[in-house]
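Engineer: Structure provided below as structure tokens; questions to follow.
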Amino acid sequence: MKVELVRVNDAFHFEGTGSSEVKVHTDGSPEIGGSNLGVRPMELLLLGLASCSAIDVVLILKKQRQDITDFRITADGDRTQEENTQRKPFTKIHLTFKFAGNQLDESKINRAIGLSMEKYCSATAQLEALAEITYAVEIATV
């Protein structure tokens, strides 16, 4: 896997490209001279985790013929500053999987999420070595 990051302006706005050639923009906060022209790098880590699991879950639930009309994941990360550094890695990450649909089977949803988190999602495997990852499920009926 290979990505490229290119500086866009004379501050902290960057454009990243991966194998799909889709552009992703990152930027720093205005407090450090950024312009809010992209997501923050640590937000991108949470987005990567949520996206990785979301793809797994949708693939599994499609095979099970679950009629999902809305699906979203909220990721909340707690960060703690390391002693004698400016680094603030995630120590806890909580994902909330939110579903809406017609006659959704809660057991199938829970199984799909469990498979993603424990067997398929490489981002989970990468981050769980450093942060406690938990999740909850919310299902709305339509």
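Values quoted throughout were computed directly from the atomic coordinates according to the rules given, and no laboratory measurement underlies them. All values derive from a computational prediction rather than experimental measurement. Here the Cβ positions follow ideal geometry from the backbone for every residue, glycine too, while neighbour counts run over all protein chains shown.
Engineer: Taking a 29 Å limit on the Cα-Cα distance, which of the listed pairs Lys62/Lys88; Lys63/Lys88; Lys88/Lys108; Lys63/Lys92; Lys2/Lys108; Lys63/Lys98 fall beyond it? Walk me through the numbers before you get to the answer.
Structural biologist: Working: Lys62/Lys88 37 Å; Lys63/Lys88 39 Å; Lys88/Lys108 36 Å; Lys63/Lys92 31 Å; Lys2/Lys108 35 Å; Lys63/Lys98 19 Å.
Long pairs (Cα-Cα over 29 Å): Lys62/Lys88; Lys63/Lys88; Lys88/Lys108; Lys63/Lys92; Lys2/Lys108.
Engineer: In addition: Nearest 0.05, what FRET efficiency do Ser29 and Glu82 give at R0 = 25 Å with Cβ-Cβ as r?
Structural biologist: 0.80
Engineer: Now for a different question. Using the count of nearby Cβ atoms within 10 Å as a rough guide to exposure, how do His94, His13 rank from fewest to most?
Structural biologist: So the ranking, lowest neighbour count to highest, is His94, His13.
Engineer: Also: What is the Cα coordinate range of segment 89-142 on the first, second and third principal axes, sorted by size from largest, in whole angstrom?
Structural biologist: 39, 19, 12
Engineer: Follow-up question, since we're still on this one. Please give the FRET efficiency for Ser19 paired with Ala140, using the beta carbon to beta carbon distance and R0 = 35 Å, rounded to the nearest 0.05.
Structural biologist: 0.50
Engineer: To continue, here is another question. Per-residue ellipticity at 222 nm for the chain, helices alone: DSSP H runs ≥ 4 residues times -39500 (n - 2.57), over residue total, nearest 500 deg cm²/dmol?
Structural biologist: Using -39500 (n - 2.57) per qualifying helix, the result is -8500 deg cm²/dmol.
Engineer: Stokes-Einstein at 10 °C, 1.306 mPa s, Kirkwood radius from Cα pairs: D for segment 41-141 in µm² s⁻¹?
Structural biologist: Working: Rh = 14.2 Å.
Translational diffusion coefficient: 112 µm²/s.
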